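The values are calculated or read from the model by the stated rules, or taken from the named source; none is laboratory data. Quick caveat: nothing in here was measured; it's all calculated off a predicted structure. Virtual Cβ from ideal backbone geometry, glycine too; neighbours counted across all protein chains shown. When the accessible area is computed, the model is the full protein with side chains, heavy atoms only, and any ligands, DNA or RNA have been set aside. Shrake-Rupley method; radii C 1.70, N 1.55, O 1.52, S 1.80 Å.
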Amino acid sequence: MSLKNFIRNHAVLSYGVLTIGASWLIWSRILTILQPGDLLSAPTPAAMLYVVLGGLVPSIMGVALTAYLDGRAGLRALWARVTTWKLSPWLYLAACLPMGITIASFFLQEALGIGSAVPGVVGKILPGLGIGFFAALGEEFGWRGFALPRLSQRYRPLTAGLLVGLLWGVWHVFPDYIGLGNLGWQSAPSIFIYGPLGLTVFAVLMAWLHDKGQNSMLLMLLFHLNISSSAFYLGDR
C-alpha cells in the first residue's frame, strides 16, 4: 500500500498524529527558553514565535492534506465552504453562544455584587478579538475543515463531534501544561479534564452547527473566534 493510499484510508488518524506531533514538537522548544507557567508572565519573542507556529499547524496540515489527497478540486471545495454564508440567523446566533455565556456571566457577577468584571474587559476587547481571529484561522481549516467532514461521512454529528473533540483536547494538553504547569497538581484538572472536556462539548455543538449549516466553515470560524476571545476575557482581570 502506497503512503497516499494509507493516508487516504486513515485520513483523520493521520491528520491527528501529524498535527499533534508537529505542534508539540514546535511547542517543546518553549521549554528550552522558559519554565512552565512563565509564558504568560515573562514572554520572550522567541517563545511567542513558537506559540504562533505551533498554533498554525492544525490549519496548515488540514490544507496540506486536502491538497495532497483531493488536489485543486478539494481546495476549491474547502474555500466554497468558507463562502457559504446564506444561512439562518439562528445559526449565527448559536455560533456566538460562548460569547453570550461570557457576557451573561459578567453581568451576573455585577448583579450579585461579587465583582466588577465589565470595566476590566473593555480594554481587552480588541486584543481578545485578535487572539480569536488567530486561533480560528490557525486551527479550523484542520479540525472542521479536514477532519470533521470525513468523520461525518461515517458517523452522526454527535459521534463525529466527540472524535474531533478528542483530537482537539489532546492537542491542547501540552500548551495548557506550558501555560499552567507551574501550579503543580493544582493545574492537573484544567490541563487534563476541564480543558479537553470543555473543548469536546464545543466540538459536539460545532458538529451540530456544521451539519445544520450546510458544512459552512464560516460558522466554524465564528464559533472558534467566540471560544478563544471569551477565554481571554475570562482570564485574570
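May I ask you to verify whether ARG154 is outside any helix (DSSP H, G or I) and surrounded by fewer than 20 Cβ atoms within 10 Å (Cβ to Cβ)? Spell out how you get there, then give the answer.
Working: outside any helix (DSSP H, G or I): yes; surrounded by fewer than 20 Cβ atoms within 10 Å (Cβ to Cβ): yes.
Yes: the conditions hold for ARG154.
Just to verify a result, which residue in region 189-237, among those that are touching an Asp or Glu at 6+ places or on another chain (Cβ under 7 Å) and buried (at least 17 other Cβ atoms within 10 Å of the Cβ), is nearest to LEU158 (Cα to Cα)? Write out each step before concluding.
The initial filter retains those residues of region 189-237 that are touching an Asp or Glu at 6+ places or on another chain (Cβ under 7 Å), namely 190-191, 195, 217, 220-221, 224.
Keeping just the survivors that are buried (at least 17 other Cβ atoms within 10 Å of the Cβ) gives 191, 195, 217, 220-221, 224.
Numbers: ILE191: 24, GLY195: 19, MET217: 18, MET220: 16, LEU221: 19, HIS224: 18 Å.
Across region 189-237, the extreme among qualifying residues is MET220.
Of ILE33, ILE7, which residue is β-branched (Val, Ile, Thr), touching a helix residue (DSSP H, G or I) at 6+ places or on another chain (Cβ under 6 Å) and more than 16 Å from ALA67 (Cα to Cα)?
The conditions single out ILE33.
Give all pairs with beta carbons closer than 8 Å in which a residue from region 76-90 that is assigned to a helix (DSSP H, G or I) meets a residue that is acidic (Asp, Glu) and open to solvent by less than 100 Å² (accessible area, probe 1.4 Å); count only pairs at least 6 apart in sequence or on separate chains.
ALA77/ASP70
Just give me the residues in region 11-41 being open to solvent by 50 Å² or more (accessible area, probe 1.4 Å) and either over 26 Å from LEU148 (Cα atoms) or free of Cβ contacts under 8 Å to residues at least 60 places away in the same chain (or both), in sequence order.
Those that are open to solvent by 50 Å² or more (accessible area, probe 1.4 Å) and either over 26 Å from LEU148 (Cα atoms) or free of Cβ contacts under 8 Å to residues at least 60 places away in the same chain (or both): LEU13, VAL17, LEU18, LEU25, ARG29, LEU31, THR32, ILE33, GLN35, ASP38, LEU40, SER41.
Could you say which residue among VAL82, VAL57, VAL63, VAL52 is under 21 Å from PHE133 (Cβ atoms), loosely packed, with under 13 Cβ neighbours inside 10 Å and either under 19 Å from the mean Cα position of the chain (by Cα) or modelled with pLDDT of 95 or more (or both)?
VAL52
Just one of the numbered conditions (1) open to solvent by 10 Å² or more (accessible area, probe 1.4 Å); (2) part of a helix (DSSP H, G or I); (3) modelled with pLDDT of 80 or more; (4) not acidic (Asp, Glu) is not true of ALA111; which one?
Single failed check for ALA111: (3).
For SER2, are the conditions met, namely being touching a residue at least 24 places away in the same chain (Cβ under 8 Å) and open to solvent by less than 60 Å² (accessible area, probe 1.4 Å)?
no
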